[in-house]
1. Choose one answer from D15, D64, D56: the residue with the largest mean-square fluctuation in a GNM of the chain with alpha-carbon springs under 10 Å.
2. Tell me, what is the 1.4 Å probe accessible area of K87, in Å² to the nearest 10?
3. Please work out which option in (1) 15, 54, 30, 1; (2) 12, 28, 28, 19, 8, 4, 2, 0; (3) 14, 42, 28, 15, 1 gives P(r) over Cα pairs in 10 Å bins from 0, in percent calculated from these coordinates, and answer with its label.
4. Going by average Cβ density within 10 Å per residue, which order do the peptides 101-112, 72-83 take, highest to lowest?
5. What residues have an amide H closer than 5 Å to that of S82, excluding those fewer than 5 places away on the same chain, when H is modeled at 1.01 Å from N in the peptide plane?
6. Hey, what number do you get for the chain at 222 nm if only DSSP H runs of n ≥ 4 count, each worth -39500 (n - 2.57), divided across all residues, to the nearest 500?
Amino acid sequence: MVKRVHQPREDAEFDFILRTSAAPVLAYFTGAWPKAIEPSRAMDLVMGDIAEAYQDRLTVVRTDITRCPRTTGRYEITGAPSYVLLKGGEAVAHGTGPLTVAEAERFLDGHL
């Protein structure tokens with residue numbers, strides 16, 4: 001199985017993914033400043049596993065805070081890593097901080 005995590009390069013690309021996804025979208029937000037690098041890398045590994053495990057029920061999108069500032073503001077993201085579950089473009093659940101795979105699964109299973 002191929003791990004599939006979308007990585008938009010700009011806000012318009014994020015919006016396109018959101019509009020065209022038939023499944024709910026789990027957007028997670030990463031940052032490249034010193035205190036965010038390691039936790040963001042950890043989230044990349046977790047979200048890769050989540051994208052594979054939930055591939056038929058979920059679209060996973062890695063969103064760089066600096067590349068998608070409008071998207072970051074729209075969902076009131078204030079730090080990295082953060083995550084938001086979107087259904088029909090609307091946020092239904094969110095959180096901040098790195099997750100383990102088990103924590104991500106509990107979060108998703110409670111909201112999907």
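1. Result for the chain, Cα springs under 10 Å: D56 fluctuates most.
2. Ignoring ligands and nucleic acids, K87 comes out at about 80 Å².
3. Computed from these coordinates, P(r) over Cα pairs in 10 Å bins from 0, in percent corresponds to label (1).
4. Going by the mean number of other Cβ atoms within 10 Å, highest first, we get 72-83, 101-112.
5. Correct list: F29, G97.
6. Rounded to the nearest 500, the figure is -12000 deg cm²/dmol.
The values are calculated or read from the model by the stated rules, or taken from the named source; none is laboratory data. As the structure is a prediction and not an experimental result, all values here were calculated from the model. Methodologically, a virtual Cβ is constructed for each residue, glycine included, from the backbone with ideal geometry; neighbour enumeration extends over all protein chains shown. When the accessible area is computed, the model is the full protein with side chains, heavy atoms only, and any ligands, DNA or RNA have been set aside. Shrake-Rupley method; radii C 1.70, N 1.55, O 1.52, S 1.80 Å.
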